[in-house]
Structure formats: C-alpha cells, structure tokens
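The values are calculated or read from the model by the stated rules, or taken from the named source; none is laboratory data. In this text, all values refer to a predicted model and were calculated from it rather than measured experimentally. Reconstructed Cβ throughout: ideal geometry from the backbone, glycine too, with neighbour counts over all protein chains shown. Quick note on the areas: whole protein, heavy atoms, side chains included, nothing else; ligands and nucleic acids left out. Shrake-Rupley method; radii C 1.70, N 1.55, O 1.52, S 1.80 Å.
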Amino acid sequence: AQFSRHQSDVETMARRFRLLLYLVSILLLVMLVYLGLQLRARALALRRRAAFEHVIAKNSTRLINCPPAETDARLREVLGELCRALGAERAYVVLDENPIRVHAWSKDGDAYPPGWPHQALALSARLGTAGPDIVSVPDVAALPPGAVKDTLAAAGVRAWTCVPLIRPGRVRGIMAFDAFRPALDRVFPLPVMRLAGDAVANAIEREFLERDRARLATRLERTRRLQIIGSLASGIAHNFNNLI
C-alpha cells in the first residue's frame, strides 16, 4: 500500500512537471515566433530605409549643378521618385514667396483640389512646422475635430507628411506628401525624411544663388558698358576741348 501511494504521488508529480514543461515549451515557441516577426519587420524597415536612402542619394546627384531653367522639371522628377518610394500619390514643394511658388507632382497626373497645395503652407505653420520639426499624420481620420482635419479631408488626404524647408534668409517653405489611404505601416525615420528635405532645399538654394549670380553678372556687364561709354564720352570731350 505504501509503495502504491508513493508511486501514485510520483506519477502525479511527473504529470505536473510534464504539464509545466509543455507550458514552458509553448511559451518559448510563442516568444520565438514573436522575435522572428520582430526581426522580419525590422529587416523590412531597414530594407525600405536603405532603398529610400538610395533614392535620396540618386536624386541629390541629379539636383547638383542643375541649371535654374531646369529646376522645375528636375524637382518634379525627384518628387515623383520620392513619392513612389514612400507609397504616396501626390508630392509638392511650396515656397513662401510673393506670389507663392509651387512645384507639384501627381501620380496619375490629376489636378489638385482648388486651393491645394497652397493651403498646405498655412496648415504647416498651424501644426508647428515653422521650425525644423517634421509633421507626420499617418491617419487623418484619427485627428481631433478641427480646421486641420477639415482642410486635409477636403483635399482628399488620408495620410500626410510635411518636411519644412528652411535656409536662413533665403529658402522658406515645405515639402509634403499626400496619400489617399492611411499609412500606418509606411512610417520612415525622421532623419531620412530630413535628408530628402535637405536635398531639395539645397537645390532650391542653389537656384537662388545662380539667379543672384546671373543678376550680378548682368549688373556688372551694364556697369562695364556704362564705364566704356563714360570713357568714350570723356575722350570725345577731351578732343573737343583740345580743338577749342
């Protein structure tokens, strides 16, 4: 009887240990699956980031030494490349000039809604992109009710990313991307987006510098012509003075 009770206790304890081992095995399997999914998501994110950085590098070289007359066409090509890399449908650069200057690209070549993207500049100021901060709205429907949500919804935007373009005393504007569906899984790190904004801002600043250089060259040529005319007139006056 003692042996039977002892054997029964041992079997009960063995069953408990087996059950505990099963639970631990299931827990380890779940943890391995979770870690595998996390590693896969991180690998995909790194792959997307590397592809996006490659697009930025390629388009940065495309914008280097771009003639001022070709800036608009080059910017449209660059915006299209960035838009396809981000999975957005529209991209545009809005510069705070008088009048407002816009470089826009659309996936299907469709026209923009009335007032858009001109309203994006004021909208970015309202959201706080007057500084270097990047504004990312993965889902417009999740925004609290207000003018910002109404403006984005009226423009048909479901996800919005705005990168400020700031160069002290010269360039001031935004580069933004519109998506027609929520982009919760297409969020890129802010430093990568800042690289794209810097590439575009450098191209625009270079255009301004080239235009300033062209204006200075024209003014210098005009000054030289006036100097030549003045020297000629001085010589003629000197000759008349000698004759008199």
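Against the test of being among the β-branched types (Val, Ile, Thr), in contact with a helix residue (DSSP H, G or I) (Cβ under 8 Å, 6 or more places away or on another chain) and at pLDDT 85 or above, the options Val148, Val157 yield a single qualifying residue, Val157.
If you go through the stretch 23-52 and keep only what is under 23 Å from Met193 (Cα atoms) and either more than 36 Å from the chain's Cα centre (by Cα) or touching a residue at least 24 places away in the same chain (Cβ under 8 Å) (or both), you end up with Arg48, Arg49, Ala51, Phe52.
Residues that are farther than 13 Å from Ser124 by Cβ and out of contact with any Ser or Thr (no Cβ under 9 Å at 6 or more places or on another chain) within the stretch 156-166 comprise Gly156, Arg158, listed in sequence order.
Within the stretch 63-169, which helices (runs of 4 or more DSSP H) (wholly inside it) include 2 or more residues that are free of Cβ contacts under 8 Å to residues at least 40 places away in the same chain and more than 26 Å from Phe52 (Cα to Cα)?
Once the helices (runs of 4 or more DSSP H) in the stretch 63-169 are filtered for at least 2 residues that are free of Cβ contacts under 8 Å to residues at least 40 places away in the same chain and more than 26 Å from Phe52 (Cα to Cα), what remains is 118-127, 147-154.
Can you confirm whether Ala237 is open to solvent by less than 80 Å² (accessible area, probe 1.4 Å), at pLDDT 80 or above and under 25 Å from Arg76 (Cβ atoms)?
For Ala237, the condition - open to solvent by less than 80 Å² (accessible area, probe 1.4 Å), at pLDDT 80 or above and under 25 Å from Arg76 (Cβ atoms) - is not met.
Has the stretch 15-38 got any residue that is small (Gly, Ala, Ser) and over 30 Å from Trp160 (Cα atoms)? Looking for residues that are small (Gly, Ala, Ser) and over 30 Å from Trp160 (Cα atoms), one finds at least one in the stretch 15-38, hence yes.
Look at (1) surrounded by 13 or more Cβ atoms within 10 Å (Cβ to Cβ); (2) of a type outside the set (Val, Ile, Thr); (3) modelled with pLDDT of 85 or more and you find that Glu205 fails only one, number (3). Residues satisfying the criterion are present in the stretch 25-44 (criterion: of a type in the set (Lys, Arg) and open to solvent by 70 Å² or more (accessible area, probe 1.4 Å)).
Identify all residues within the stretch 171-194 that are modelled with pLDDT under 80, open to solvent by 50 Å² or more (accessible area, probe 1.4 Å) and in a helix (DSSP H, G or I); write none if there are none. Those that are modelled with pLDDT under 80, open to solvent by 50 Å² or more (accessible area, probe 1.4 Å) and in a helix (DSSP H, G or I): Leu190, Pro191.
Cβ separations smaller than 6 Å between residues 6+ apart or across chains give no pair from the stretch 227-244 residues that are basic (Lys, Arg) to residues that are modelled with pLDDT under 85 and open to solvent by less than 70 Å² (accessible area, probe 1.4 Å).
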